[in-house]
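Structure record follows, encoded as structure tokens.
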Amino acid sequence: MQAKDLLYECDSVSFVYPDGTPALKEVSFRVWREERIAILGVNGSGKSTLLRLLDGLLEPTGGEIRFLGTPLTERNLQDAVFGRKFRQRVGFVFQDADAQLFNATVWDEVAFAPRQLGMSESEVQRRVTDTLNLLGIAHLAERAPFRLSGGEKRKVAIACVLSMNPEVLLMDEPVAGLDPRMQNWLVNTLRLLHEAGKTLLIATHNLHVLPEFAERVLILSEKHQLIADLSVNDALANESLLIEAGLLHEHPHAHGDIVHTHLHAHEHHHEE
Ligand SMILES: Nc1ncnc2c1ncn2[C@@H]1O[C@H](COP(=O)(O)OP(=O)(O)OP(=O)(O)O)[C@@H](O)[C@H]1O
Ligand SMILES: [Mg+2]
């Protein structure tokens, strides 16, 4: 790898929320251009916090994150040149679409970032139309985002990021709430984005789609530490690690009068 392909450097990054809640502890890793990385960990382990830090929405309370060599600090992000470069290159799909959507119509929502980046109105029109068509939501253009269904909101949130055409995509649980057809569409779209040279960092609990959109896995522990940084294949072969990541769980079953445990992927629901 060449130095120019190094996108992110996280050096001993810690984060404590203002109310004193710890969310990340001394996490270090690097991200190279065109990598596809899944961020795994149980609820509350710090996945969303890590993505917010990588998007510059939060600043580490300890350690440092550098993007293309420049520390991601509020001050640097306010710098016109670096801030603009960063915003153009990095797109973030939030876990909670309600926190991301704030415009009066879906059209304005998807047009927001391209307009912010100073694109001409004809370019904005073209991008919004293309993106809405790509996601099959052109019919929602004049609707108010906050009155959409959960899955529709998620599609709009994804459209907002795709319309910017960023080089790095940060996605927080992107398939959650999507119907199977849309999940399949998203997984295919992520593959095409990868083939187009994008870098993907995706927080997920979905074991089944994992090998389809990641080669590398970062696992955060309940104590907010990075406990594994390995290939997807090595992660999938390591049952105890998957249990620790909250992707598998042991579940007692009664068969006749014999009770034993099976391992289950998380999204399977059990008849209790
Ligand atoms: N705004 C906040 N203020 C205080 N604590 C917070 C805030 N947001 C998150 N936390 C806490 O920080 C820790 C990490 O939360 P985070 O949302 O990053 O976890 P997560 O891995 O994304 O979880 P999930 O799988 O449920 O989405 C948790 O203990 C959480 O309660
Ligand atoms: Mg989260």
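The values are calculated or read from the model by the stated rules, or taken from the named source; none is laboratory data. A quick note: this is a predicted structure, and the numbers were derived from the prediction, not measured. Cβ coordinates were reconstructed from backbone atoms using ideal geometry, including for glycine residues, and neighbour counts include every protein chain displayed. Quick note on the areas: whole protein, heavy atoms, side chains included, nothing else; ligands and nucleic acids left out. Shrake-Rupley method; radii C 1.70, N 1.55, O 1.52, S 1.80 Å.
Key figures for this structure:
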quantity: Matching strands (runs of 3 or more DSSP E) fully within the stretch 217-272 where at least 1 residues are at pLDDT below 65; calculated: 248-255, 258-265
quantity: The stretch 47-65 residues that are open to solvent by less than 20 Å² (accessible area, probe 1.4 Å), paired with ones that are within 16 Å of ligand 2 (Cβ to nearest atom) and part of a helix (DSSP H, G or I) (beta carbon under 8 Å, 6 or more apart); calculated: Ile65/Leu53; Ile65/Leu54
quantity: Candidates Val90, Val31, filtered to the one that is away from ligand 1 (no atom under 16 Å from the Cβ), open to solvent by less than 10 Å² (accessible area, probe 1.4 Å), touching a residue at least 60 places away in the same chain (Cβ under 8 Å) and within 27 Å of Ile243 (Cα to Cα); calculated: Val31
quantity: Helices (runs of 4 or more DSSP H) fully within the stretch 97-162 counting 3 or more residues that are open to solvent by 60 Å² or more (accessible area, probe 1.4 Å) and among the polar types (S, T, N, Q); calculated: 121-134
quantity: The one condition in (1) open to solvent by 10 Å² or more (accessible area, probe 1.4 Å); (2) out of contact with any Pro (no Cβ under 6 Å at 6 or more places or on another chain); (3) within 16 Å of ligand 1 (Cβ to nearest atom) that Asn76 fails to fulfil; calculated: (3)
quantity: Odd one out for Gly197 among (1) outside any loop (DSSP other than H, G, I, E, B); (2) closer than 25 Å to Leu6 by Cβ; calculated: (1)
quantity: Residue, farthest from Ala203 (Cα to Cα), within the stretch 31-76, restricted to residues that are within 16 Å of ligand 2 (Cβ to nearest atom) and part of a strand (DSSP E or B); calculated: Ile37
quantity: Single residue of Val175, Val187 found to be in a helix (DSSP H, G or I), open to solvent by less than 20 Å² (accessible area, probe 1.4 Å) and in contact (Cβ under 8 Å) with a residue 24 or more places away in the chain; calculated: Val187
quantity: Identity of the residue in the stretch 34-69, within 8 Å of ligand 1 (Cβ to nearest atom) and among the polar types (S, T, N, Q), that ends up nearest to Cys10 (Cα to Cα); calculated: Thr49
